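Heads up, the thing below is written out as structure tokens.
The values are calculated or read from the model by the stated rules, or taken from the named source; none is laboratory data. Since the model is a prediction, treat every value here as computed from it, not as a measurement. We place every Cβ from the backbone using ideal geometry, glycine too, and count neighbours over all the protein chains shown.
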Amino acid sequence: MASTTIWLVAAIVVIAVVAALWLVMSRRRSQQLRERFGAEYDRTVKTEQNIRRAEASLTARAKRVEALHIRPLAQDDAVRFDANWRAVQARFVDDPKGAVTEADRLVGEVMGVRGYPLGDFEQRVADISVDHPDVVTNYRAAREIALLHTRGQASTEDLRQAMVHYRALFTDLLQTDVAREPPAAAGRDDGRVRDAAAMDAAQDAHTERRR
């Protein structure tokens, strides 16, 4: 009887320890995913309406992208893409609709060169969110505006916003100082502020020419 009681107590202790370890590991995994995906973590939880399913989805994304062997751009490619972007941004003055279409194409080209598959848009977004979680929202917003543009429902201000969103993603994808505006020591946020100012100026010029 005494031995049975001892075994029962031991089993309860083991179960309690295992449960505690599982809880600690689960919380640690959740924290790691939150830190890695940022706002995309919360969005996925909201979409899945279940934390466990959401975390499984995010973990699967990370494993998929790891298997893709995403590579950085060669310096020559980075310089070429940066020059192409500047040309697209300058085009906005005379042809904002064409500039947005070209910006979308250019972002896709950079993704392809880096090794991202260019299939379904939602899959692209999922892949991008693994290493570029801070700008994946920009990609979604830019694509929504681009779709409005194809239906003739986007204003010039909408198109300007799309360009700013595309630029945020484009800069992150280049992952090189070449993509930053001078001075070289400026932070990412400062670069985006300058890009927004440049797009404001382009829109003003476009509006002035239409008068």
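When the range 132-164 is filtered for residues that are surrounded by fewer than 18 Cβ atoms within 10 Å (Cβ to Cβ), part of a helix (DSSP H, G or I) and in contact (Cβ under 8 Å) with a residue 60 or more places away in the chain, only 156 remains.
One line per residue, one yes/no per condition, for (1) within 24 Å of residue 166 (Cβ to Cβ); (2) among the hydrophobic types (A, V, I, L, M, F, W, C):
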| position | (1), (2) |
| --- | --- |
| 40 | yes, no |
| 58 | no, yes |
| 75 | yes, no |
| 87 | yes, yes |
| 108 | yes, no |
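Here residue 167 fulfils each of the conditions (1) part of a helix (DSSP H, G or I); (2) surrounded by fewer than 21 Cβ atoms within 10 Å (Cβ to Cβ) apart from (2). Determine whether residue 96 is crowded, with 22+ Cβ neighbours inside 10 Å and at pLDDT below 95. Yes; evaluated as a whole, the condition is true for this residue. Examine the range 16-23 for a residue that is modelled with pLDDT under 95 and surrounded by 13 or more Cβ atoms within 10 Å (Cβ to Cβ), and state whether such a residue exists. No, the conditions are met nowhere in the range 16-23.
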